[in-house]
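The values are calculated or read from the model by the stated rules, or taken from the named source; none is laboratory data. The structure displayed is predicted, hence computed values, not measured ones. Every residue, glycine among them, receives a Cβ derived from its backbone with ideal geometry; neighbour counts consider all protein chains shown.
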Amino acid sequence: MRFRQFLPMCALLWSSNAVGLDTQRNDVAAFIDELVTEEDFSRDELEALLGDAEIKPKILEAISRPAEKRKAWHEYRDIFIQDKRIDAGVEFWNTHADTIDKISEETGVPGEILVGIIGVETYYGRITGRYRVLDALVTLGFDYPPRAEFFRKELREFLLLAREESVPADAALGSYAGAMGSPQFIPSSYRAYAVDADADGRRDLFDSWTDILGSVANYFVRHRWRAGEPVVAPATLNAEFSGEVPAKNLLKADSTVGDLVQEGVVIDPPTTLADDMPARLIAMEGKQGPEYRVGLHNFYVITRYNRSAMYALAVWQLGNEVAARRRAGQQHHPGQR
């Protein structure tokens, strides 16, 4: 079924209240059979758990209008690059400075990126989601045809995760898409990339800041973060620009710095970026017109966390704003870490 064919169905669903999941539905029953057979789950326990889940129309509405697709860059940026969020980031960094410094040194992922991710994702743990993860994944896995297969796989991952890490399957809260904890990992990412950084025997992305920050860093390491390399560079286009301004920002560095410069991209201020460094021209809609940047390898590593160039740029900018304000505060208060 194509997405546009699904929209009239959405309108009917969104106008109704939440309803319980019917475990006798063919697709639900098949899902239960699969977990009982392949993963040794108890049929009675699964039917009881899934029977308690609710199909939430608000979740279907939310997934249809993500901010990355509805807003221009300058509108999206203003959500995150605000004084109060920057100040909160300074407070967060100061509180967890030892942990951030240790993890950054061990992994090569800068503190700016760790703080930027947590700041954009959940306002440093303040906004982690109000939906039961179970309801979110059931709603999208069984009543959202465009991505039902993906979310059913995530529901399976969530149930395995709950068994492995003692996550309460009937109570854990997260986003409308089933992302959990302060780093907002979906279940498959939780299982694949979370680490027990505090060595207490659990990978806890809800209450352990050491595990949370260590897991974010591990996610970037596993997606080939290059320690010490830059992320993005400001740019303009000269009068002889012969390249193509992207109508949509693709999420891969499929050109090089040298090729972009030859086409007429001016990196300002001039940098020492190697000509053969992978890169791509990025065009954003600013308040005063188009804004240009050159995205480098590490920029596209950030987009593996969320498949959006605007997201990656917001993470990078917020992290750097927090770092700059923190340094300024340390200059005024030399005893502060």
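Per the conditions (1) closer than 20 Å to Pro110 by Cα; (2) surrounded by 15 or more Cβ atoms within 10 Å (Cβ to Cβ); (3) out of contact with any strand residue (DSSP E or B) (no Cβ under 6 Å at 6 or more places or on another chain), the sole criterion not satisfied by Ala324 is (2). Checked against (1) surrounded by 16 or more Cβ atoms within 10 Å (Cβ to Cβ); (2) out of contact with any helix residue (DSSP H, G or I) (no Cβ under 7 Å at 6 or more places or on another chain); (3) touching a residue at least 40 places away in the same chain (Cβ under 8 Å), Gly228 passes all but condition (1). Here is a list: Arg293, Arg304, Arg280. Which entry is farther than 20 Å from Glu112 by Cβ, under 29 Å from the mean Cα position of the chain (by Cα) and surrounded by 13 or more Cβ atoms within 10 Å (Cβ to Cβ)? Arg280 is the lone residue from the list that is farther than 20 Å from Glu112 by Cβ, under 29 Å from the mean Cα position of the chain (by Cα) and surrounded by 13 or more Cβ atoms within 10 Å (Cβ to Cβ). Taking segment 107-166 as the range and being within 30 Å of Arg85 (Cβ to Cβ) and among the acidic types (Asp, Glu) as the test, the residues that pass are Glu112, Glu121, Asp135, Glu154, Glu165.
Scanning segment 36-51 for residues that are over 28 Å from the mean Cα position of the chain (by Cα) and surrounded by 16 or more Cβ atoms within 10 Å (Cβ to Cβ) yields Val36, Phe41, Leu46, Glu47.
Among all residues of segment 204-214, there is none that is outside any loop (DSSP other than H, G, I, E, B), surrounded by fewer than 17 Cβ atoms within 10 Å (Cβ to Cβ) and more than 15 Å from the chain's Cα centre (by Cα).
Taking residues in segment 34-50 that are farther than 20 Å from Glu149 by Cβ, and partners anywhere that are surrounded by 12 or more Cβ atoms within 10 Å (Cβ to Cβ), the pairs with Cβ atoms closer than 7 Å and at least 6 places apart or on different chains are Arg43/Ile32; Arg43/Val36; Glu47/Thr23; Glu47/Ile32; Leu49/Ala169; Leu49/Asp170. Being modelled with pLDDT under 95, of a type in the set (A, V, I, L, M, F, W, C) and over 14 Å from Trp209 (Cα atoms) is the requirement here; does Ala72 meet it? Yes: the conditions hold for Ala72.
In the set Val231, Val257, Val265, only one residue is at pLDDT 95 or above and within 22 Å of Ile103 (Cα to Cα); that residue is Val231. For segment 56-152, the helices (runs of 4 or more DSSP H) that sit wholly inside it and include 1 or more residues that are without any contact (Cβ under 8 Å) to a residue 60 or more places away in the chain and surrounded by fewer than 22 Cβ atoms within 10 Å (Cβ to Cβ) are 57-63, 67-70, 73-80, 83-95, 97-107.
The residue that is nearest to Tyr300 (Cα to Cα), counting only those in segment 242-258 that are in contact with a strand residue (DSSP E or B) (Cβ under 8 Å, 6 or more places away or on another chain) and surrounded by 16 or more Cβ atoms within 10 Å (Cβ to Cβ), is Ala253.
Could we say that Asp33 is farther than 18 Å from Glu157 by Cα, modelled with pLDDT of 95 or more, exposed (fewer than 13 other Cβ atoms within 10 Å of the Cβ) and out of contact with any helix residue (DSSP H, G or I) (no Cβ under 7 Å at 6 or more places or on another chain) here? The answer is no for Asp33.
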